[in-house]
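Student: Please find one structure pasted underneath; my questions will follow.
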Amino acid sequence: MKLFTVGPVACRPEVLEEMSSQMFSHRSEDYKELHRETVERLRRFLETENQVFLFPSSGSGVMEGTVRNCVERKMLCCINGEFGKRYARVGESNGKEVERLEVELGKSITPESLDELLSSSPDVEAVAITYNETSVGLLNPLPELAKVVKKHGKLLFVDAVSAMGGVELKVDEWGIDVGFTSSQKCFGVPPGLALASVSEEALKRSERAKDKGWYFDFKLYEKYQQEGSSTHMTPPIPQILALNKELEIIEQEGGKQKRFKLYSERMQKIKQGIKALGLSLFPEPGYESPTVGCVNAPEGISGLEVYERMRERGFELAKGYGKLKERTFRIGNMGYIRLEDVAEMLQALAEAAK
């Protein structure tokens with residue numbers, strides 16, 4: 001089964017081989033060296049002087065961590081898909097007041113609408129933005145949105161789960177206070193590890209936060225990383241080995257810009273193939289994701305039918321999500337995918353979409 005999912009994704013053979021290493025103590029010098037090396041590679045990749053922490057969880061764990069560590073009373077969630085909605089639910093489930101900036105599915109969040117809402121809600125402490133809305137295959141204009149957030153002096157949380165590693169993310173230049181992802185997306189590593197950049201301001205908020213819990217306490221991550229290059233609980237060592245290997249490969253192959261170019265080339269081939277079949281992408285033009293293609297189902301066939309037909313042909317795509325479950329199907333462009341795999345997938349899609 002060839003994977004064109006939205007996570008977990010296919011992994012490079014070298015990455016899987018790295019995970020087969022014999023285990024060692026997470027308090028040993030071997031682990032400390034691995035931890036330091038991985039964190040430094042991530043900081044270079046994200047162009048940040050901020051702390052970068054490794055979390056034994058999915059990205060949703062860090063999402064909850066941002067709320068518990070950095071929001072005292074009220075936050076704003078930008079919503080144009082299911083994962084923006086998830087951020088709002090996480091905020092409310094942790095007892096916070098959540099302001100919503102919600103737009104029609106398929107539409108992007110605009111700087112003008114964000115500016116207007118923040119102007120009328122001065123008591124908002126932090127703004128959460130889903131950079132790449134996986135459920136609809138849409139990339140929000142994060143650099144422009146970030147400028148608005150910083151103009152109003154708010155903390156900026158960025159759910160970059162299906163973006164980091166596949167599209168540019170300049171943490172310091174854009175003023176991101178917490179930006180996070182999961183291992184099983186663009187970095188092409190099995191699930192079980194999340195990672196996040198955390199700013200000094202976010203750490204100050206964490207220091208004075210009440211009832212923030214223990215597992216996702218940002219100050220504890222800072223303490224254990226600074227004092228012993230480790231975490232305050234057992235980390236997923238195989239996934240960290242794999243991530244370090246993937247980052248090493250990215251460096252050896254010419255750096256992150258070359259990786260972003262590969263993502264762009266693959267998605268361009270996917271988009272051309274979809275158009276040739278008479279199909280179209282769901283998001284408004286100009287905001288299509290480079291890592292997830294959300295495709296409108298052919299007339300007379302549901303997105304679920306296309307998904308099942310592709311499985312019969314040896315290709316695992318992704319079902320439509322939420323309200324779009326019947327109307328769309330999704331083609332993931334993350335992880336270990338070769339250009340010849342894209343060509344084979346499109347050939348199978350031509351049969352499945354009839």
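Student: Once you list every other residue whose beta carbon is under 14 Å from the beta carbon of E201, what net charge do they have if Lys and Arg are +1 and Asp and Glu are -1?
Tutor: -2
Student: Net charge near S302: determine it from the other residues with C-beta under 13 Å of the C-beta of S302, scoring Lys and Arg +1 and Asp and Glu -1.
Tutor: 0
Student: On to the next question. Which of the lysines could a cross-linker span from K261 if the Cα-Cα distance has to be under 16 Å and same-chain partners fewer than 8 positions apart are dropped?
Tutor: K269, K271
Student: Would you give the gap between the C-alpha center of segment 198-229 and the C-alpha center of segment 106-140, rounded to a whole Å?
Tutor: Between the Cα centre of segment 198-229 and that of segment 106-140, the gap is 26 Å.
Student: Taking only DSSP H segments of four or more residues, each worth -39500 (n - 2.57), what value at 222 nm results for the chain once the sum is divided by all its residues, to the nearest 500 deg cm²/dmol?
Tutor: About -13500 deg cm²/dmol.
Student: What pairs from K151/K275; K2/K323; K147/K210; K107/K204 go past 31 Å between their alpha carbons?
Tutor: K151/K275; K107/K204
Student: Now, a different point. Give me the log10 of I(q) over I(0) for segment 14-251 at q = 0.14 Å⁻¹, as the Debye formula computes it from C-alpha points; what are the numbers?
Tutor: With one equal scatterer per Cα and no solvent, log10 I(q)/I(0) is -0.85.
Student: Note down the net charge around L281, summing +1 for each Lys or Arg and -1 for each Asp or Glu among other residues with Cβ under 11 Å from its Cβ.
Tutor: Counting the neighbours of L281, the net charge comes to +1.
Student: Which of these, P111, P285, P236, has the largest mean-square fluctuation under a Gaussian network model of the chain (Cα springs below 10 Å)?
Tutor: P285
Student: Ordered by residue, what ³J(HN,Hα) values in Hz, to whole numbers, does segment 177-194 give under the Karplus form 6.51 cos²θ - 1.76 cosθ + 1.60, where θ = phi - 60° and Gly and Pro are x?
Tutor: 7, 9, x, 9, 8, 10, 5, 8, 10, 5, 6, x, 10, x, x, x, 10, 10
Student: Quick one: among S120, S162, S135, which has the greatest mean-square fluctuation in a GNM of the chain with alpha-carbon springs under 10 angstrom?
Tutor: Residue with maximal mean-square fluctuation among S120, S162, S135: S120.
Student: Now for a different question. Do you know the relative contact order of the chain, to the nearest whole percent, from alpha carbon pairs under 8 angstrom that are 6+ apart?
Tutor: Computed value for the chain: 25 percent relative contact order.
Student: Still on this model: Who wins for biggest fluctuation among R68, R89, R208 in a Gaussian network model of the chain, springs between alpha carbons below 10 Å?
Tutor: It is R208.
Student: Working only with C-alpha atoms, what are the Rg and Dmax values of segment 125-174, expressed in angstrom?
Tutor: 10.7, 30
Taken together, the values in this text are just the output of simple stated rules run on the coordinates, not laboratory data. The structure presented is a predicted model; accordingly, all values stated were derived computationally and were not measured. Counting neighbours? That spans all protein chains shown, and the Cβs are built from the backbone with ideal geometry, glycine included.
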